[in-house]
Each structure stands twice: as structure tokens, then as C-alpha cells.
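The values are calculated or read from the model by the stated rules, or taken from the named source; none is laboratory data. Here the structure is a predicted model, which is why all the values come from computation and not from measurement. We place every Cβ from the backbone using ideal geometry, glycine too, and count neighbours over all the protein chains shown. Accessible surface is based on the protein model in full, side chains and every heavy atom, while ligands, DNA and RNA are left aside. Shrake-Rupley method; radii C 1.70, N 1.55, O 1.52, S 1.80 Å.
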Amino acid sequence: MKEAIWEKKGSLAEQLWNTGKLDFPIYDMHGHMGPAYGIYFQNCMPADMVAHMKRIGIKHLVFSHHETLTGFKPNPEVVEICREYPEHLRMYAGIIPQRTEEIKRDLALFDSWKPYAVGLKILPIYHNHKLSDKEYDYALSFADERALPVLIHTWGNAPECGIYETLCKYPNAKFFLAHCCFGAWEYAERCVKETHNNVWLELTAVPGERGIIEKLVGMVGSEKILFGTDLPWFDEYQAVGGVLSADITEDDMRNILYRNVENILGKDW
Ligand SMILES: [Zn+2]
């Protein structure tokens, strides 16, 4: 019988299976926080999330609070949550296109939120917009001037959301395409390869699909893929397991789980 991947001596999969951790820090670049839609989440409050991160060795989770994205919890309140867990929590400032005054107010404060705020989170479809709509111009120009990360929600309908055209307009911002334009893989590839070398694919939801990580690594290279989970929607053990079970090299796995982020943001952030 073929040896199971976690039985392979000295492999990263064996290390996680036997010790519950890896010998390097993991960065989870896509999280949320708090209740949403009456769904039961086992770990959605800050203390529980941080305890969970410590179990598997997540150095930083970069999240956007569910209630910020729905408009009820302003970004400045989320900064205060991060301050309570300065070692572990980092945030994306949530951008709601309908709230133009709030966007300006928050971005005027953004520099004072370092090191907690590392970038912006944009969900065009949830907010009934395309990324190319003018309501995002101010925030995207702000990110472009400062070369900030911008995590953009994408799915298979990304081609209809003005994603590619907008990426072309901002050569300095660092765009992370959440869910890798799930299903529209060729479009995701184009977004990475035909822009300004400033676009990465973020893996949330992909590790649950067998064979897609391999496909994406083949298309864009592991240097262009970042790890994320949507915690508390998905569990980091499941997602890390998906990466370690993929038929890619251990160098690829390391790129995805930590090296790429350290190349983008450094080791100390
Ligand atoms: Zn998300």
C-alpha cells in the first residue's frame, strides 16, 4: 500500500501530524471575527481565535471584522481589539463604498493604527459594487501611494466585477485576490501575470478542493500564492493540511505558508 503523506519520514506533513505544529511561523492572511448570520462558529471571539492560532502556530492573522463589513463596528474599534493581542492580531481596514465620509476619516487615521492595520479589505460584490466603481478610487489610490496590501474578495464571477481592469490601474498597491477567483482559474492567472507583478492569490476555500493548489502552483508559481482561511469560517488545521497534502514541493509549501508574506511585509510587522 502506498505510504500516507503524513507517514513520510521528515516531511512537513509528518511534522504537523506528530507535533500539531510546524517548525516555522504561519501567516493567515484572510480572517474575520465575531458572529455572522446566526451561524455557529466555534472560535469567533478574539480570545478563542488567538488560542486557536497559538495551537497551530499562526504568527499573525490579518482579519476584517464581520461587523465592520456590515457597517456596525467602525474600524477604530477593531484597532482596539488588536491592541489587546498585539503579538497575534493584525487587521485590514474594512472599506464600505457607500460610506465615503467614513472612508476618508478612517484613512486619515490609518497611519496611526500601525502596526495593527496592515492594509485594506474590499468586498465589491457584497457591497453591490464592482471594484472598478469610482467609490473605491480614494481607498485604492491611498493604498497605491503607500504600497499597502489590499485583500479583495473574489469568486468565479470576478470577470464581471472589474477586477483585472482595476489591478492594471494601480502598480504599487499589493493586491491579494481572496479565494483565487474561485473557479475562474485562468482569469486569476491573467490577474497575476498580466499586471504589475503586484498581485498574489490568497487560498481561502481552495484547500478543500483536491488538485487545485497543484493547478495554481503550475499556473502562477508558488511565489504568487498566500495562505488564508477565512477563520472562523474554515479551520487552519484543515487548510494547512490541504497545503501539506498537495502534490507540490516542500519549497512551494514554505513559500505559501510564510516565505511570500515575509518577502512582502518583512519578518517584523
Ligand atoms: Zn473572507
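Compute the acute angle (0 to 90°) between the alpha-carbon long axis of helix 236-245 and the principal axis of greatest extent of the alpha-carbon atoms of the chain; round to the nearest 10°.
Tilt of helix 236-245: around 50 degrees.
Largest first and in whole Å, give the semi-axes of the chain's equivalent ellipsoid, each being the square root of 5 times a Cα gyration tensor eigenvalue.
Those come to 29, 22, 16 Å.
Where does the chain land at 222 nm, in deg cm²/dmol rounded to the nearest 500, when only DSSP H runs of n ≥ 4 count, each adding -39500 (n - 2.57), divided by all residues?
Calculated mean residue ellipticity at 222 nm is -10000 deg cm²/dmol.
Trypsin sites (Lys or Arg not before Pro), restricted to segment 1-109: which are DSSP loop and have at most 10 other Cβ atoms within 10 Å?
Those that pass, being in a loop and sparsely packed, are Lys2, Lys9.
Tilt of helix 75-84 relative to the longest C-alpha principal axis of the chain, in degrees (0 to 90, nearest 10)?
The angle comes out at about 40 degrees.
Given Cβ point charges of +1 (Lys, Arg) and -1 (Asp, Glu) and nothing else, what value in debye, to the nearest 20, does the dipole of the chain about its Cα centre take?
The calculated dipole for the chain is roughly 200 debye.
Taking DSSP loops as anything outside H, G, I, E and B, show the longest stretch in the chain free of GluC sites (Glu not before Pro) there with at most 10 other beta carbons within 10 Å.
88-269
Taking the Cα centre of segment 1-102 as origin and charging only Cβ (+1 Lys, Arg; -1 Asp, Glu), how large is the dipole, in debye to the nearest 20?
340 debye
Using a probe of 1.4 angstrom, how much of the accessible area of the chain is carbon and sulfur, in percent?
51 percent
Given the C-alpha centroids of segment 1-17 and segment 46-112, what is the distance between them in whole angstrom?
One Cα centre to the other: 36 Å.
So which trypsin sites (Lys or Arg not before Pro) in segment 145-211 pass both tests, a DSSP loop state and at most 14 other Cβ atoms within 10 Å of the Cβ?
Arg210
Can you give me the distance in nm between label points at Glu209 and Cys168, each placed 7 Å from the Cα along the Cα-to-Cβ direction?
Using points 7 Å along Cα→Cβ, the separation is 2.5 nm.
Between Asp247 and Asp133, what is the FRET efficiency for a Förster distance of 51 Å, r being their Cβ-Cβ separation, to the nearest 0.05?
Calculated transfer efficiency: 0.80.
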